[in-house]
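Here's the structure, in structure tokens; my notes come after.
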Amino acid sequence: MNARSMRGVFVVEFAIVGLMLFVLLFGVLEMGRLFFTVNALNEAARRGARLAAVCDIQDVHILHRAIFNEAGETGESSLIGNLQPSQLVLAYFDAEGAAVASPNDLTSPTGFRAIRFVQLRVVGFTFDLLIPTFSSTITLPVFQSTLPRESLGRHAEGPQGSDKPSLPGVTPC
């Protein structure tokens, strides 16, 4: 065989090998994005549960801060695309693990005083693949974190330092 007739074979071989190489490259990049997203969702669940355990239960910014936004910022997460505060479910539990029905009721023994655990779950998050010709959506499993309650924004000594609470003895986060 001469070199002139082999040129076409090289082009065909490169097209086949190049296609497999680019699919493999995009697959590796997408797996990296998926691992990053899974870790960030796991951290959002942990962060939200921690904030809920130490911040006032009436603080409306807990869920916004859990998804890596500023306290007053609304909308989807600035770090994880497509993550909305509405996909976070915050729950308070008593010592037996039953949900506390009215955690804002400060006087009832089955309300605020019964809270022993805080749980935050991330539900219904979908991950969009960006691989050309293989684009699809993956619904990720539920991410959750359960922590024991801490101060829930309350201090026995009243406001601390430069706190400007909305209620006496309540420290804002």
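This table checks each residue for (1) crowded, with 19+ Cβ neighbours inside 10 Å; (2) touching a residue at least 12 places away in the same chain (Cβ under 8 Å); (3) among the hydroxyl-bearing types (Ser, Thr, Tyr).
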| residue | (1), (2), (3) |
| --- | --- |
| Ile16 | no, no, no |
| Val28 | no, no, no |
| Arg47 | no, yes, no |
| Ala52 | yes, yes, no |
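Being part of a loop (DSSP other than H, G, I, E, B) and either among the acidic types (Asp, Glu) or touching a Lys or Arg at 6+ places or on another chain (Cβ under 9 Å) (or both) is the filter here, so list the residues in region 57-82 that pass it. Once the filter is applied, which keeps residues that are part of a loop (DSSP other than H, G, I, E, B) and either among the acidic types (Asp, Glu) or touching a Lys or Arg at 6+ places or on another chain (Cβ under 9 Å) (or both), region 57-82 yields Asp59, Ile67, Phe68, Glu70, Ala71, Glu73, Glu76.
Filtering region 83-106 to residues that are exposed (fewer than 15 other Cβ atoms within 10 Å of the Cβ) and assigned to a helix (DSSP H, G or I) leaves only Ser86.
Residues in region 107-133 that are polar (S, T, N, Q), touching a residue at least 40 places away in the same chain (Cβ under 8 Å) and either within 27 Å of Met20 (Cα to Cα) or surrounded by fewer than 13 Cβ atoms within 10 Å (Cβ to Cβ) (or both): 1 in all. Filtering region 37-56 for residues that are touching a Pro at 6+ places or on another chain (Cβ under 8 Å) and assigned to a loop (DSSP other than H, G, I, E, B) leaves a non-empty set.
Only the coordinates and a few stated rules stand behind these numbers; no lab work does. Here the structure is a predicted model, which is why all the values come from computation and not from measurement. Positions of Cβ are generated from backbone atoms using ideal geometry, with glycine treated the same way; all protein chains shown enter the neighbour counts.
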